Amino acid sequence: MLHQRGQLILHASAVYTERGAILFMGTSGSGKSTLVAGFLERGYQVLADDLCTIGFSGDRVPQVFPGFAQIRLWSDAIKHLGYDIHTMQRVWHKEDKYTLILPNELTANFIPLHAIYLLNPADTQDVLVESLGLSKKFKSLLENVFRAEYVKGLGVQKAVFRQISEVLKYSQFKRVTRPRDHFSIGQLIQRLEKDFH
């Protein structure tokens with residue numbers, strides 16, 4: 001398991017920018033995949049969808065490893081983004097979810113981590129990007145560790161805590177509250193671009 005190899009796996013999707021890797025973290029249904037698909041439409045390269053692996057260099061700087069060159073999207077997101085659903089393969093016959101295959105253009109084995117945004121759908125009309133206190137950042141990252149329930153049993157709890165601390169030391173971490181329904185992906189992306197550039 002990657003946790004045992006000194007790598008941190010988060011429930012997050014990621015894109016490549018000139019500043020480094022940008023992660024979008026959150027629970028299932030928070031809009032991670034739809035958001036990175038929107039970034040793809042604006043010319044960004046997608047590094048990971050849904051699960052993101054972070055390694056650490058010799059000086060402990062977090063590095064994001066590119067994942068599978070695909071995004072899994074619900075049919076309503078596909079329609080909203082303007083893709084042809086008939087050219088896509090269904091993820092599972094009982095789900096209305098499809099796989100968008102991406103061009104594999106990245107040549108780098110890893111990308112330095114620049115920022116993490118915690119996606120927070122809420123009953124609001126505006127997009128709010130805000131900093132959090134250190135304890136809330138740490139708790140949010142811990143809650144989004146892949147298979148967090150196994151971390152203690154594998155004997156890697158201390159290592160994961162150290163990795164989270166290193167992630168917070170070397171990257172920005174903010175919460176993005178956005179409307180739960182009827183929001184513009186384009187406007188959300190513009191707001192995020194303004195923040196991380």
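Restricting to region 162-190, count the residues that are at pLDDT below 90, more than 19 Å from Ser28 (Cβ to Cβ) and over 19 Å from the mean Cα position of the chain (by Cα).
1
Among the numbered criteria (1) loosely packed, with under 15 Cβ neighbours inside 10 Å; (2) part of a strand (DSSP E or B); (3) of a type outside the set (Val, Ile, Thr), which single criterion is violated by Leu100?
Only one criterion in (1) loosely packed, with under 15 Cβ neighbours inside 10 Å; (2) part of a strand (DSSP E or B); (3) of a type outside the set (Val, Ile, Thr) is unmet by Leu100, namely (1).
Out of region 62-97, which residues are assigned to a helix (DSSP H, G or I) and either over 14 Å from Gly31 (Cβ atoms) or among the β-branched types (Val, Ile, Thr) (or both)?
Selection gives Ser75, Ile78, Lys79, Ile85, His86, Thr87.
Name the single residue, out of those in region 30-60 being assigned to a loop (DSSP other than H, G, I, E, B) and touching a strand residue (DSSP E or B) at 6+ places or on another chain (Cβ under 9 Å), that is nearest to Gln163 (Cα to Cα).
Per the criteria, the residue is Ser57.
For region 71-95, what are the residues that are crowded, with 17+ Cβ neighbours inside 10 Å and farther than 15 Å from Phe39 by Cβ?
Arg72, Ile78, Met88
The values are calculated or read from the model by the stated rules, or taken from the named source; none is laboratory data. Keep in mind it's a predicted model, so treat the numbers as computed, not measured. Reconstructed Cβ throughout: ideal geometry from the backbone, glycine too, with neighbour counts over all protein chains shown.
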